[in-house]
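The next block holds one structure in the form of C-alpha cells; read it before the comments.
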Amino acid sequence: RDPKAFLLNNMFYDPKVLGPYCESLDPSLAFVAYKRGAGECDDQLIAISHTHGLYRDLAKYLVERQDLELWAKVLNKSEDETEEDPKRRQLIDQIVEWALPESTNADEVSCTA
C-alpha cells in the first residue's frame, strides 16, 4: 500500500535489483531503494539524482554519509571539464541552503567543512 514505507522498513530486498524497477515508476522511490544499499549503490544514486533533479535528497545523503571519497566523486570536476557543471552548482546550493542547516549532528557538519 505504501511503497516508501516498504522500502524504508523492509531489510530483505536487494537495492541493486529493486532500484532499477523503481526508477521506471518513481525516481524518488528508486533513490530510497538505492540509499538502503549503504554505499553499494552510490553510483546509481548519484546518477538518478542528476537525471531527475533530486539534488536536495542527494545533498542530505552526502551530509549523512560523511564519506570524503563520495564527496570527492560528486563534487570534483572531471579532467576534460572546463566550465562549471550546472548540476554541481545546484547540488552545492542544496547542501549549503538546506542539508547543512537541517542537520542536527555536529559531526555531519564538521565533516563537510
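Here are some notes:
Results for (1) open to solvent by less than 50 Å² (accessible area, probe 1.4 Å); (2) farther than 19 Å from Asp43 by Cβ; (3) modelled with pLDDT under 85; (4) touching a His at 6+ places or on another chain (Cβ under 6 Å), shown as yes or no for each residue.
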position	(1), (2), (3), (4)
Tyr55	yes, no, no, no
Glu64	no, no, no, no
Leu70	yes, no, no, no
Asn76	no, no, yes, no
Glu83	no, yes, yes, no
Lys87	no, no, yes, yes
Leu91	yes, no, no, no
Ala99	yes, yes, yes, no
Asn105	no, yes, yes, no
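- Just one of the listed residues (Leu68, Leu75, Leu18, Leu8) is farther than 24 Å from Leu100 by Cα, aliphatic (A, V, I, L, M) and touching a residue at least 12 places away in the same chain (Cβ under 8 Å), and it is Leu18.
- Considering the stretch 28-40, and only residues there that are open to solvent by less than 80 Å² (accessible area, probe 1.4 Å) and farther than 23 Å from Val96 by Cα, the residue that is modelled with the lowest pLDDT turns out to be Gly37.
- Residues that are open to solvent by 50 Å² or more (accessible area, probe 1.4 Å) and within 26 Å of Asn105 (Cβ to Cβ) within the stretch 6-27 comprise Leu8, Asn9, Met11, listed in sequence order.
- Condition check for Asp43: surrounded by 15 or more Cβ atoms within 10 Å (Cβ to Cβ) and not hydrophobic (A, V, I, L, M, F, W, C): no
- When Thr51 is tested against the conditions (1) touching a Pro at 6+ places or on another chain (Cβ under 9 Å); (2) touching a residue at least 12 places away in the same chain (Cβ under 8 Å); (3) under 20 Å from Tyr13 (Cβ atoms), the lone failure is (3).
The values are calculated or read from the model by the stated rules, or taken from the named source; none is laboratory data. These numbers were taken from a predicted model, which means no experiment stands behind them. Because the Cβ atoms are built from the backbone with ideal geometry, glycine has one as well, and the counts that use them run over all protein chains shown. Ligands, DNA and RNA are stripped out before the accessible areas are found, and what is left, the full protein with its side chains, is counted by its heavy atoms. Shrake-Rupley method; radii C 1.70, N 1.55, O 1.52, S 1.80 Å.
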